[in-house]
Amino acid sequence: MLNPSLLAGALSHCTRYRRAILSRSLLAVFGGYFFTALSTASLALAIASVLPRAQAVLAASQLSFALYCAMVIWAFAAATPLRAWIVTSALCTLPALHLLLVGALP
């Protein structure tokens, strides 16, 4: 006979695990895209002072593929989903602040 409290604990563990995977997946897809978009725009503006504008955009765009890949890996490599979200949020603030200071964002 199954003990109801053990069954409830197993379901709870399974639910927590699935929520953690869902959270990490959402972070990888949407958080990674958001970070990559901010970083690409910020880098393009920063590099534009050294390179011609078109080359700066191309260089930042090429780097964006590596940044997105790194964010997807980080989303699943972090110790907890909360840590992954906090670090990603902190990383997003740097290019966002740069874009605000330059005047690229309203």
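Do you know the relative contact order of the chain, to the nearest whole percent, from alpha carbon pairs under 8 angstrom that are 6+ apart? RCO, the chain: 33 percent.
Note on region 4-102: Kirkwood radius taken over Cα pairs, Stokes-Einstein applied at 10 °C and 1.306 mPa s, translational D equal to 106 µm² s⁻¹. Between helix 4-26 and the chain there is an angle of about 10 degrees, using the helix long axis and the longest principal axis of the Cα atoms. One decimal place: the segment Val102-Ala54 gains 15.4 nm when fully extended, by the rule 0.36 nm per residue minus the C-alpha distance. The ranking of Val72, Val102 by Cβ neighbour count inside 10 Å, starting from the fewest, reads Val102, Val72.
Multiplying the residue separation of Arg19 and Gln62 by 0.36 nm and removing their Cα-Cα distance gives an extension gain of 12.2 nm.
Note on the chain: with a GNM built from Cα contacts shorter than 10 Å, the maximum mean-square fluctuation among Cys14, Cys69, Cys92 falls on Cys14. Couplings 3J(HN,Hα) of region 51-57, computed from phi: 10, x, 4, 5, 5, 5, 5 Hz, in residue order, whole Hz [Karplus 6.51 cos²θ - 1.76 cosθ + 1.60, θ = phi - 60°; x for Gly and Pro].
Model label points for Val29 and Ser89, set 7 angstrom from Cα along the Cα-to-Cβ axis, are 2.1 nm apart. Multiplying the residue separation of Ala79 and Ala37 by 0.36 nm and removing their Cα-Cα distance gives an extension gain of 12.6 nm.
Working note: 222 nm ellipticity from helices only, DSSP H runs with n ≥ 4, each -39,500 (n - 2.57), summed and divided by the residues of the chain, gives -28000 deg cm²/dmol to the nearest 500.
Compared with the dominant principal axis of the Cα atoms in the chain, helix 32-47 is inclined by about 20°.
Just so you know, all these numbers are worked out from the coordinates, no wet-lab data involved. Since the structure is predicted, the reported quantities are computational estimates derived from the model, not experimental observations. Cβ sites come from the backbone with ideal geometry, for glycine too, and all protein chains shown count toward neighbours.
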